[in-house]
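Reviewing the structure listed below.
Values quoted throughout were computed directly from the atomic coordinates according to the rules given, and no laboratory measurement underlies them. From a predicted model like this one, the values you see are computed outputs, not experimental measurements. All Cβ positions, even for glycine, are placed from backbone atoms using ideal geometry, and neighbour counts span all protein chains on display.
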Amino acid sequence: MAGLNFSPTWAPRAGVVVVAVLGACHDPKEAVAPRPCPAQGVPVLSFAILERTGTTTPDTAVVGAVTFLAPGAPYTAYEWKVGNDPRTFTQQRVALNFAATDTLRTYAVRLIAHRPLNQACSANDSGVDTLTRALTIAPYASRKSPLLGRFHGANLDAPADTFTVRLAAEPDHRYPPGTPNAPVVVYLTNLGKGCASPWFEVAAGWHGAALDYSRNDYGCFAEVGTAQVADDRRTVRIEYSQLRNFPNRTSRVFVGHRVR
C-alpha cells in the first residue's frame, strides 16, 4: 500500500496456561452442578492506537509513525491487517509509518487474536476474537485537530492557582512573517504558568503532543512531558516536569478545560 512502511518492533513471549484438576468423592445420585463460568468470562477484544508522540488516539492520527498494541493474556497469537497492505503482521505490537498526505485518508485495521478456548462460558467458543477499527490519517498540524485551542485549569498540586495554556498551529516562527508556504508547526504557550517563549514548539499528534523545550528563558523552565486531549475534546491533561532547581526536576500535572 503506497505510503505505508512497516517497522518491526518486538513479539511477546508465549504465555503458559496451567490447568489444575481436582477430584472429589460424591454420591452418584447427587446432582452435579453445572460447570461455572470463570470470573473473567470471555474477554472483549480491544487494541490501542498510539500516535508518534506516544499518546493514545481513538480514531485519528497525524502522518508519521503509528503503533497498534494488542492485549496480552489470555491472548497468545495475533494477525494484523492494515488497509490493503498484503502483509499479515503477527507481533503483539506493530509500528507502521504513514507517509505525508494533504487530505484525510482512512484505513481499516483488523486484529484477529487467538486465546485458549473458554467453553465454560460459551459452548461454541472458538478461541478466536476479531476486531476491526477505522483509523484516519490527517495532515500534520491540521487546524481541525482537537489538540489545538485554549485550556483553562491548574496544576494538581496548586488547584487554586489557575491559568490558561494555548496550543496553536502557526507558521514557523523561524521564517520572516508573510513568507509564502512557510511550514506550519504547533506552539505551546503558558506552560508552566508565565512561560511566554514564542519558540516553544511541540511534536504534535491528533489527540496528544510530546513536549521538550530544553531551555530556561522567557519564564520557561525546560519543560518536558506529554499532553493528552480527552476523546470528547473538552479537557487536556499535561504531565510534565520543570528544571527549576538544577539538576533536580519538579514533576507537575496540569488539567484544563477548553475555553476556545
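Of note:
- Dipole magnitude of the stretch 149-258, debye to nearest 20 (Cβ charges: Lys/Arg +1, Asp/Glu -1, about Cα centre): 180
- Sparsely packed loop sites in the stretch 157-200 (the chymotrypsin sites (Phe, Trp or Tyr not before Pro) outside DSSP H, G, I, E and B with at most 16 other Cβ atoms within 10 Å) comprise W199.
- Distance between the modelled labels on R143 and T164, one decimal in nanometres: 1.9 nm (7 Å Cα→Cβ projection).
- If R0 is taken as 25 Å, the Cβ-Cβ distance between T179 and L156 corresponds to a FRET efficiency of 0.05.
- Estimated distance in nm for a label pair at E79 and D231, the labels positioned 7 Å out from Cα along Cα-to-Cβ: 2.7
- Once both labels are positioned 7 Å from their Cα atoms along Cα-to-Cβ, the gap between N216 and A134 label points is 5.0 nm.
- Sites matching trypsin sites (Lys or Arg not before Pro) across the stretch 106-201 that sit in DSSP coil, with at most 16 neighbouring C-beta atoms within 10 Å: R143, K144, R174, K193
- Computed extension length for A120-D172: 12.7 nm, one decimal, from 0.36 nm per residue of separation with the Cα-Cα distance subtracted.
- Value of relative contact order over the stretch 103-260, rounded to a whole percent, pairs C-alpha under 8 Å and six or more apart: 18
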